[in-house]
Amino acid sequence: MLSEKAVVEINQIKSMYHDAQSSLLPALYVVQREHGWLSPDAVEAVGDLLNVPKAAVKGVSTFYSMFRHKPMGRHLIQLCTNVACMIMGAERLVDILKSRYGLEPNNTTSDGRFSLVIMECIGACGTAPAMLVDTDFHDNLTEENIVEILEKYK
Ligand code: FES
């Protein structure tokens, strides 16, 4: 369920707030960072640890799109294909991810290395195309540098 390290970190977070419910978001983030997603068991364990009702934990975890509820690859690529990025070649980048890694939108590579989600806009239209890999931001993507960048994520 929760690792010993996660329990320690969540208890530290809990001690920083007046009420346990306020520590819910960072606690869920700790679990997602460790496992890549929030399993139903993990959501329940966070609620038990914080003494927050299961329904409240589930409500928060499903409200925010940053939380994932199905297994993902070790690294999540969030690639923008909205207008500015599309004009600057984002669709071609999607093709490269497919041909190089066999990776399609809303899927995970067979080796579990990458998952790909297409984003609407990540606020980097001036330096499009852009993507996030986990929490790392990358812009001015080209057909060449996207592979160079992704090869750093094993
Ligand atoms: S359209 Fe891609 S970052 Fe805005």
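Condition test on GLY89, is it at positive phi, without any contact (Cβ under 8 Å) to a residue 60 or more places away in the chain and surrounded by 14 or more Cβ atoms within 10 Å (Cβ to Cβ)?
yes
Sort out which residues of region 120-138 are within 18 Å of the chain's Cα centre (by Cα) and surrounded by fewer than 17 Cβ atoms within 10 Å (Cβ to Cβ), and write them in order of number.
Listed by number, the residues that qualify are GLU120, CYS121, GLY123, ASP134, THR135, ASP136, PHE137.
Answer yes or no as to whether GLY73 is touching a helix residue (DSSP H, G or I) at 6+ places or on another chain (Cβ under 9 Å) and either more than 16 Å from the ligand (Cβ to nearest atom) or under 11 Å from LEU28 (Cβ atoms) (or both).
No.
Here are some conditions: (1) within 23 Å of TYR29 (Cβ to Cβ); (2) away from the ligand (no atom under 15 Å from the Cβ). GLU104 meets all but one. Which one does it not meet?
Single failed check for GLU104: (1).
Looking at region 111-123, is at least one residue more than 14 Å from the ligand (Cβ to nearest atom) and farther than 17 Å from ARG68 by Cβ?
So far as region 111-123 goes, yes, one or more of its residues are more than 14 Å from the ligand (Cβ to nearest atom) and farther than 17 Å from ARG68 by Cβ.
Does region 86-119 hold any residues that are of a type outside the set (S, T, N, Q) and either more than 20 Å from the chain's Cα centre (by Cα) or in the same structural domain as LEU38 (by TED's automatic domain parsing) (or both), and which are they?
Correct list: MET86, ILE87, MET88, GLY89, GLU91, ARG92, ASP95, ILE96, ARG100.
Mind checking whether some residue in region 48-67 is among the charged types (D, E, K, R), away from the ligand (no atom under 16 Å from the Cβ), within 21 Å of the chain's Cα centre (by Cα) and outside the structural domain of PHE137 (by TED's automatic domain parsing)?
Taking every residue of region 48-67 in turn, at least one turns out to be among the charged types (D, E, K, R), away from the ligand (no atom under 16 Å from the Cβ), within 21 Å of the chain's Cα centre (by Cα) and outside the structural domain of PHE137 (by TED's automatic domain parsing).
Could you list, ordered by first residue, the pairs with Cβ atoms under 7 Å in which the first is in region 21-34 and more than 12 Å from ALA6 (Cβ to Cβ) and the second is surrounded by 15 or more Cβ atoms within 10 Å (Cβ to Cβ) and among the charged types (D, E, K, R), at least 6 apart or interchain?
Within 7 Å, the pairs are SER23/LYS14.
How many residues, within region 141-154, are out of contact with any His (no Cβ under 6 Å at 6 or more places or on another chain), closer than 24 Å to MET66 by Cβ and either away from the ligand (no atom under 11 Å from the Cβ) or of a type in the set (Lys, Arg) (or both)?
Total meeting the criteria: 4.
The values are calculated or read from the model by the stated rules, or taken from the named source; none is laboratory data. These figures come from a predicted structure and were not determined experimentally. We place every Cβ from the backbone using ideal geometry, glycine too, and count neighbours over all the protein chains shown.
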